[in-house]
Amino acid sequence: MFPLPSSKVSRRSLIASVAAAAGGLVIGFRFLGSDRRFAESANGVEILNWITIAPDNTITIRIAQTEMGQGAITAMAQLLTEELAADWRNIRTEYISIAKHLAEGRVYGRTETSASAGLRKSENRLRIIGAQIRIMLIRAAAERLGVPESELVAEDSIITHRLTGNKLTYGGLTADVAKVAVPDAKSLELKQPKDWRCIGRSMRRLDIPGSTDGSAIFGFDLQLPGMKYAAIQICPVFGGTLKSYKAGKALSRPGVHQIVEIKGGKAGHVAGMDDALAVIADDYWQALQAVNAISIEWKDSDWVTGDSAAILANLRSGLSAAQPSRILRQEGDVETALSQAARTLEAEYFVPYLEPATMEPMNCTALVTDQHFELWAPTQHPEDAIRVAARVAGLPVKRGELHLVRLGGGFGRRIACDFVSQAIQVAKAMKGVPVKLCWTREDTMRHSFYRQASLSRFRGGIAADGSVLAWEHRITCQQRKEEVAGPFGADTLLYSVPNVKIDFVIRNSFVPAGPMRGVGYTINCFGIQSFIDELAAALSMDTYAFQRSLLDPLTTPSTVPTGESNDGLNPSMRSSRLRTVLDEVAQKANWDTPLGTNRGRGIAAHEQGGAYYAIVAEVTLDGKGWFTIDRIVVAADPGRLANPANARAQIEGSVAYGLTAAMYGEITLHNGGVKQRNFSDYQILRIDEMPEVEIHWVLDRSVWGDVSQSVVSPVQPALTNAIFNAGGPRIRSLPIKNHRIFPRDAKP
Amino acid sequence: MRFEFIVNNTRRSVEALAEEPLLWVLRDKLGLTGTKYGCGVGACGACTVHVDDRPVFSCLVTISAVSGKSVTTIEGLARYGQHPLQRAWIEEQVPQCGYCQSGQIMMAADLLARNPNPSQSEIVAHMVGNICRCGTYLAIQRAIRRAADEISKR
């Protein structure tokens, strides 16, 4: 339950000071009126901060999560609309004001958009707000009509008095609502899910039409009156600094105004950001030509000799480290069990660095004056963005506003605020003028925050009777400071193995690391689900039957860590859930039906974000070194779906994202910098390689489990297992493109 | 230098360097931001427009090369955004982040203009130059099929 903030500071004085500080300019800055609950705004009357109701009954819902294609805007609106009993056809949305959010004690709750947690963390708040407003409208109507509340029904933005048929629209009651007390959140009875008319329906996404006719404005598209454009050159070696530059003819090119030095490191207030040089011009192409014409001298960092070979050697040294950085899980005695096992198996697995590769390159627009700052940022972390902007601008946060704009993909990349710092630094050089800083694809690929590379060693011990006695998994990986427990998913193994040791050796590198769709699970799931397959193959067992035999709720260790499991299920119940989707996918994929020569199926199961997934991939080897993926079958147990059509889209999208990573994704390092520059050398799965995706739903829980990123991980080992089971090689390092996929028994 | 050309059936005149890519002329000089920058090297298709009824990657075509020619962008594809593909894109809820979709629709429009009833493999072969990072490929195919069916019923 979230108590509504009580304002100890007079709200009138707070708003007055913010408006004064903003100097009256601020495009889009709303003057919010004197009462924090009710205020006139351009779209009508604001109620409880979250909605405005216009006289024509249009309701505008404020959205506190960033849309990046995952359907957040629509889903959040559905949550509030349900309890509000509003007519969906008259619902509009707009983003919240970040300045108001912070000025009023974070009144909108969670604004970071990540971890597929939007629904889970916002659901309660939005449903309560909707219910409170609905009740207030009913009470206002009761007062106006002079009838008891119990005789009124609210539906589709209209309140009807049952006995007389009198109707009042929400839009007609806004003045009366101001006089009604806000009902106590604890006293509310929210609708039962079985009575939902909006949540759980495949409502069309409110923001889709704009991307079919060119009218949608992404950050990269923003055009403000008097705006200038900036292009950038960022230090090519991680950790290097700007030494000097020769402008040459750059400044005399048409439309070019200014060169701006950008500070990285501590001075830039964003860790992992390097020095850069920017040029401000009248349009982007002019700025780009100019900045590329400047001869820049960089001072290399010590990392200039760093490359992928050195990184791999460093990771490998971790495999033999005497002491781990952290023991993630330990039960029984793995060493003894391995020494006593009838058979042992050992394998190393490697995943490379990956760049999230949003379709829209990085960008940010900023305006700085001596008194205030304003930014338009496609960001997944608005609070970090406005704070970084304030620090870099040298102004208090309350002197600024952040306008959220459409993201052309997030995938975790836009949580970092490097482009915000750069944009403010550029804007400071031309005060009073809005400047849009854009990156090229090359900038975006080479100056990202990368999903870490990692090396894993697995050891398994098998008893004479074929049971698995021991499971050992050592992970070496760079640690990101946000990851408290180390890479994800390695310790939450639900298999019934009596002796387990899972540990983690930190081996840091100079490459800036950051979250990517699927997060740390994408590091470990590949190795784990592949090694299970290897154990099955060693026992000549069917891989589905083998994994199933390990998922035994009766013998699941009670010590399995909770991880991100959020349903209150104990480990036995969780392994039961995982086994259910495993069974479901095997059945739906006709697992037992043989395929022809050079064809095979691979299976993988995965728990993430309160959801359970199992995947079967079917492939055909083409005999010429490659393969086609015939289909992907998914069994999904994500709990509740706010919008089923959107959930399907997210899973199809996650399949594409995971297949790209498995087949092609590879960032390599050379001379202290990233080697890849564009989609020509960082290959992306194309439409001709996209397999059909069948999704089978197991929907009988009430949690809001992950649908946006959990499939990214298991689809990868499902594919490589399929390649092996089709007679191809065992792939232990990604991407698959680095291997030649020939049948194992092919004549040389 | 001044260049004249037709954009979405309207005669336009711009001051630009001859080598400036059409993409940036459309976006920054004419304010037509529906055509997107994704890679600048013709690898992603986000910048797809029609020049004299042929699809081109506008990041690779200079303004001087389209002098006197007719350019169609996503904004000019159909009146009120009601090309059968645009309707199908909404019916099938194709876009996720939406950034690549202008290019996808323009490339698909060219397909249907040439081949109103394409097979599945023809659809895929035609669209292979357009990348989508959100993975809307299956929905794109469904929408093209739907639009083709609608057109064939006329």
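The values are calculated or read from the model by the stated rules, or taken from the named source; none is laboratory data. Because the structure is predicted, anything quoted here is derived from the model rather than measured. In this analysis, Cβ positions are derived from the backbone assuming ideal geometry, glycine residues included, and neighbour counts consider all displayed protein chains.
At-a-glance table
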| item | result |
| --- | --- |
| Filter pass, B:L138 being in a helix (DSSP H, G or I) and over 13 Å from the mean Cα position of the chain (by Cα) | yes |
| Some residue of region A:258-275 being surrounded by fewer than 23 Cβ atoms within 10 Å (Cβ to Cβ) and within 14 Å of another protein chain (Cβ to nearest Cβ) | no |
| Flag if B:G38 is modelled with pLDDT under 95, in contact with a Pro (Cβ under 9 Å, 6 or more places away or on another chain) and at the interface with chain A (Cβ under 8 Å from one of its Cβ atoms) | no |
| Filtered residues of region A:216-228 (kept if facing another protein chain (nearest Cβ under 7 Å) and either aromatic (F, W, Y) or over 22 Å from the mean Cα position of the chain (by Cα) (or both)) | A:F218, A:F220, A:D221, A:Q223 |
| Inter-residue pairs, beta-carbon under 7 Å, first touching a residue at least 40 places away in the same chain (Cβ under 8 Å) and away from chain B (no Cβ under 14 Å) and in region A:194-209, second of a type in the set (G, A, S) and surrounded by 16 or more Cβ atoms within 10 Å (Cβ to Cβ), 6+ apart | A:I199/A:A642; A:G200/A:A642 |
| Filter result (away from chain B (no Cβ under 12 Å), over 25 Å from A:A586 (Cβ atoms) and among the acidic types (D, E)) within region A:665-712 | A:E666 |
| Criterion (within 29 Å of the chain's Cα centre (by Cα), part of a helix (DSSP H, G or I) and of a type outside the set (F, W, Y)) met by exactly one of A:S150, A:S122 | A:S122 |
| Which numbered condition A:N292 misses (of (1) surrounded by 15 or more Cβ atoms within 10 Å (Cβ to Cβ); (2) within 14 Å of chain B (Cβ to nearest Cβ)) | (1) |
| Subset of region B:96-119 [more than 7 Å from every other protein chain (Cβ to nearest Cβ), in contact (Cβ under 8 Å) with a residue 24 or more places away in the chain and of a type outside the set (A, V, I, L, M)] | B:G103, B:Q104, B:D110, B:P116, B:N117, B:P118 |
| Strands (runs of 3 or more DSSP E) completely within region A:216-332 that count 3 or more residues being closer than 30 Å to A:E348 by Cα and touching a residue at least 60 places away in the same chain (Cβ under 8 Å) | A:326-331 |
| Scope region A:298-307; condition in contact with a Leu (Cβ under 8 Å, 6 or more places away or on another chain) and surrounded by fewer than 18 Cβ atoms within 10 Å (Cβ to Cβ); matching residues | A:K299, A:D307 |
| Qualifying residue in region A:442-459 (condition: among the polar types (S, T, N, Q) and under 30 Å from A:A281 (Cβ atoms)) | yes |
| Test for A:A385: is it touching a residue at least 12 places away in the same chain (Cβ under 8 Å), closer than 30 Å to A:A662 by Cα and buried (at least 21 other Cβ atoms within 10 Å of the Cβ) | no |
| Some residue of region B:130-141 being modelled with pLDDT of 95 or more, over 21 Å from A:Y657 (Cα atoms) and within 11 Å of another protein chain (Cβ to nearest Cβ) | no |
| Strands (runs of 3 or more DSSP E) (entirely within region A:336-445) containing at least 3 residues that are of a type in the set (D, E, K, R) | A:343-351 |
| Residue, nearest to A:F220 (Cα to Cα), within region B:12-27, restricted to residues that are in contact with a strand residue (DSSP E or B) (Cβ under 7 Å, 6 or more places away or on another chain) and free of Cβ contacts under 8 Å to residues at least 40 places away in the same chain | B:V25 |
| Selection within region B:11-31 - more than 14 Å from B:V66 (Cα to Cα) and either more than 7 Å from chain A (Cβ to nearest Cβ) or in contact with a Gly (Cβ under 6 Å, 6 or more places away or on another chain) (or both) | B:R27, B:L30 |
